[in-house]
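Step one of this worksheet: look at the structure below.
The values are calculated or read from the model by the stated rules, or taken from the named source; none is laboratory data. Values in this document were obtained by computation on a predicted structure and should not be read as measured data. With ideal geometry, Cβ positions are generated from the backbone for all residues, glycine too; neighbour counts draw on all protein chains shown. Surface accessibility is based on the protein's heavy atoms, side chains included, excluding ligands, DNA and RNA. Shrake-Rupley method; radii C 1.70, N 1.55, O 1.52, S 1.80 Å.
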Amino acid sequence: MKKRSDLHRELLEDIKARSGWEERQRVWYEMRHGGLRRKRRMPWQADLHYPLSDSIISKLKPFYYQQIYGNELVATFVENSATANEKTSRAVSIWFDHHIKQRSNLELEILTCIDHLLTGGVGFLKVSWSQEDEAVNFDAIDPVNLIIPYYTKDISRADRVCHVMQMSSDAYKSNPLYNQSLLEKIKGRGSEGARQTDYEDFKMRREGIVIGDEKDQVIVWEVYEVEPKTGEIFVHTFSPLAPEEDVRKTFRLPYSHQSLPFVSFVMEVKDKGIYSGRGICEVVAPFETYLCKMMNEKADAITLYNKPLFRSEQDIPNSANLRFGPATILPIGVAPVPLPQPPISFDQEMINQRMIAEYVIAMPDFGLTQQQNSKNARTATEISQIS
């Protein structure tokens with residue numbers, strides 16, 4: 001095992017190396033949920049957001065979910081013996097499928113994982129055994145809260161993985177395995193007695209990753225270190241504010257398969273590296289920006305057309321008392337300024353941009369199995385070829 005100080009330093013280097021990716025994740029989250037706001041605008045101008053990425057993700061999530069629960073079985077098993085029995089293999093496959101789908105929390109956690117996958121390009125599931133429930137336990141982890149070396153291609157072969165666990169003070173106290181005497185030292189931004197990180201700048205002391213963003217929040221790092229020679233996996237649990245002190249005693253991962261308990265889902269295979277894949281938000285960002293601009297321009301045009309400018313051919317006395325409204329008589333010489341028609345159709349241009357975005361994403365045809373304006377049913381070969 002490495003020294004705790006060396007392990008802590010390497011994790012901080014991993015955070016520094018992925019800073020560009022982490023900043024992009026913040027932008028995509030803001031774009032999807034709150035929208036990228038208009039930077040400069042007059043008080044009368046609109047500040048609208050076209051939810052292109054959010055609408056595409058909402059359409060694709062059921063499609064990905066169906067890939068798991070729409071198939072007959074999660075896996076099939078073959079008996080490894082000379083007297084193999086097909087019925088026995090089938091029964092084992094059904095038993096395994098039932099326990100994974102119905103006797104675990106996969107149904108809920110996989111939806112969160114799919115959302116992370118589509119939004120940021122990568123999703124992670126932590127798989128463990130729950131002794132209390134006597135079942136497999138799944139935990140969908142926000143990719144920002146999983147620190148992996150930037151050069152890692154496959155998470156199952158990573159040198160180390162750090163799961164950043166954010167919890168309240170009460171949740172920390174409720175875990176009997178944690179060192180309770182350490183709580184006051186590591187909650188929030190840490191006490192004066194807590195050791196400062198090697199990087200004192202604000203970027204390295206990110207809220208929610210290294211320090212708590214609230215005074216009662218506790219940040220705990222659960223670090224999985226792979227021993228190169230033996231392949232054994234050791235789990236270190238400590239706080240980044242006091243890395244020398246154990247929140248929980250270091251232990252060896254008890255599973256005999258000697259694999260890290262994490263599974264990664266990648267949106268696209270692009271450059272090498274766990275953080276190289278793009279999500280829906282990154283792919284359609286130019287189209288969403290343009291659609292937001294078109295939507296705002298359309299709203300601005302409506303405002304100008306509904307509240308036209310007026311010109312006067314002669315001086316108007318007491319112009320401050322002049323009022324425009326329904327059933328109002330305008331003074332002599334005052335007439336509205338005619339506005340030209342827009343050079344393009346805003347609605348048609350927005351439809352075109354959305355079609356291009358969906359073409360780039362390669363949206364699945366959800367109507368393959370439906371008969372549309374046809375007397376004859378589609379054959380299985382036709383559906384397969386179109387897919």
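Given the criterion open to solvent by 70 Å² or more (accessible area, probe 1.4 Å) and either out of contact with any helix residue (DSSP H, G or I) (no Cβ under 8 Å at 6 or more places or on another chain) or without any contact (Cβ under 8 Å) to a residue 60 or more places away in the chain (or both), identify the matching residue among T83, T88. Break it down into steps so the answer makes sense when it comes.
On the way: T88 fails: open to solvent by 70 Å² or more (accessible area, probe 1.4 Å).
Of the residues listed, the single one that is open to solvent by 70 Å² or more (accessible area, probe 1.4 Å) and either out of contact with any helix residue (DSSP H, G or I) (no Cβ under 8 Å at 6 or more places or on another chain) or without any contact (Cβ under 8 Å) to a residue 60 or more places away in the chain (or both) is T83.
Name the residues in the range 242-263 that are over 30 Å from the mean Cα position of the chain (by Cα) and assigned to a loop (DSSP other than H, G, I, E, B), would you? Give the steps one after another, and end with the answer.
Of the residues in the range 242-263, the ones over 30 Å from the mean Cα position of the chain (by Cα) are 244-246, 249-252, 254, 256.
Hits for the range 242-263 are P254, S256.
When you check I302 against the structure, is it without any contact (Cβ under 8 Å) to a residue 24 or more places away in the chain, assigned to a loop (DSSP other than H, G, I, E, B), over 30 Å from the mean Cα position of the chain (by Cα) and over 30 Å from C162 (Cα atoms), yes or no? Even if it seems obvious, please write down each step before you answer.
Values: without any contact (Cβ under 8 Å) to a residue 24 or more places away in the chain: yes; assigned to a loop (DSSP other than H, G, I, E, B): no; over 30 Å from the mean Cα position of the chain (by Cα): yes; over 30 Å from C162 (Cα atoms): yes.
In short, no.
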Query - Candidate set: the range 71-80, residues that are among the hydrophobic types (A, V, I, L, M, F, W, C) and surrounded by 12 or more Cβ atoms within 10 Å (Cβ to Cβ); chosen: the one farthest from I361 (Cα to Cα) - result: F77
Requested in this report: Mind listing whichever residues of the range 266-281 are surrounded by fewer than 20 Cβ atoms within 10 Å (Cβ to Cβ) and not in a loop (DSSP other than H, G, I, E, B)?
Outcome: V266
Requested in this report: Could you grab me the full set of residues in the range 159-185 that are buried (at least 19 other Cβ atoms within 10 Å of the Cβ) and under 28 Å from the mean Cα position of the chain (by Cα)?
Outcome: R160, V161, C162, H163, V164, Y172
Requested in this report: Only one of these is surrounded by 10 or more Cβ atoms within 10 Å (Cβ to Cβ), modelled with pLDDT under 85 and among the small types (G, A, S): A357, A320, A299, A335. Name it.
Outcome: A335
Query raised in the report: Got a number for residues in the range 229-254 being surrounded by fewer than 15 Cβ atoms within 10 Å (Cβ to Cβ) and free of Cβ contacts under 8 Å to residues at least 40 places away in the same chain?
Result: 8
